[in-house]
Amino acid sequence: MAVIKLEIDDILTLKKAHPCGSKRWKVVRVGIDIGLRCLGCGRFVMIPRRKLEGKIREIYREGRRLKPQESIIEA
């Protein structure tokens, strides 16, 4: 089973915008559910990992821009 590796402080760009208009989210919790904070309005949400993985367009990690396929690990 392949899983996208997410780390605390990763910035995710999602395919659809939040109602505030922002598409960028900061990862603040990692587990089966992923905790995200909207970088537009500050809203905190918890999303199941499987549901989130299909919505990720880009991952910004330590100054590098990654596509979701570049961050896949085998679990």
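The values are calculated or read from the model by the stated rules, or taken from the named source; none is laboratory data. Remember, predicted model here, so these are calculated numbers, not experimental data. Note that each Cβ is placed from the backbone with ideal geometry, even for glycine, and that neighbours are counted across all protein chains shown.
Among the residues of segment 42-53, what is the count of those that are over 10 Å from the mean Cα position of the chain (by Cα), within 19 Å of Ile72 (Cα to Cα) and of a type outside the set (D, E, K, R)?
1
Check whether at least one residue in segment 24-41 is under 20 Å from Ile73 (Cβ atoms), in a loop (DSSP other than H, G, I, E, B) and in contact with a Pro (Cβ under 8 Å, 6 or more places away or on another chain), and report yes or no.
Keep residues of segment 24-41 that are under 20 Å from Ile73 (Cβ atoms), which gives 27, 29-36.
Subsequent filtering for residues that are in a loop (DSSP other than H, G, I, E, B) retains 30-32.
This time we only want the ones that are in contact with a Pro (Cβ under 8 Å, 6 or more places away or on another chain), so: 32.
Taking every residue of segment 24-41 in turn, at least one turns out to be under 20 Å from Ile73 (Cβ atoms), in a loop (DSSP other than H, G, I, E, B) and in contact with a Pro (Cβ under 8 Å, 6 or more places away or on another chain).
Scanning segment 1-19 for residues that are under 9 Å from the mean Cα position of the chain (by Cα) and part of a strand (DSSP E or B), we see that the one that is surrounded by the fewest Cβ atoms within 10 Å (Cβ to Cβ) is Ile11. Filtered by the rule that a residue be under 19 Å from Arg65 (Cβ atoms) and among the aromatic types (Phe, Trp, Tyr), segment 1-48 gives a lone residue, Trp25.
Of all residues being touching a residue at least 24 places away in the same chain (Cβ under 8 Å) and surrounded by 15 or more Cβ atoms within 10 Å (Cβ to Cβ) in segment 20-51, which is nearest to Val3 (Cα to Cα)? Just the residue, please. Let's see the steps before the verdict.
If we filter segment 20-51 for residues that are touching a residue at least 24 places away in the same chain (Cβ under 8 Å), which is where we start, we get 23, 30, 34, 36, 39, 43, 49.
Retained after the next criterion (residues that are surrounded by 15 or more Cβ atoms within 10 Å (Cβ to Cβ)): 23, 34, 36, 39.
Values: Lys23: 22, Ile34: 13, Leu36: 18, Leu39: 24 Å.
Among those that are touching a residue at least 24 places away in the same chain (Cβ under 8 Å) and surrounded by 15 or more Cβ atoms within 10 Å (Cβ to Cβ), it is Ile34.
Taking the criterion of being in contact (Cβ under 8 Å) with a residue 40 or more places away in the chain, in a strand (DSSP E or B) and surrounded by 12 or more Cβ atoms within 10 Å (Cβ to Cβ), the residues of segment 52-75 that qualify are Ile56, Arg57, Glu58, Ile59, Tyr60, Arg61, Ile72.
For the residues Leu66, Leu36, the requirement of being at pLDDT 95 or above and not basic (Lys, Arg) singles out Leu36.
So which of Gly63, Gly54, Gly35 ends up being out of contact with any Ser or Thr (no Cβ under 9 Å at 6 or more places or on another chain) and more than 16 Å from Arg24 (Cβ to Cβ)?
Values: Gly63 fails: more than 16 Å from Arg24 (Cβ to Cβ); Gly35 fails: more than 16 Å from Arg24 (Cβ to Cβ).
Checking each option against the conditions leaves just Gly54.
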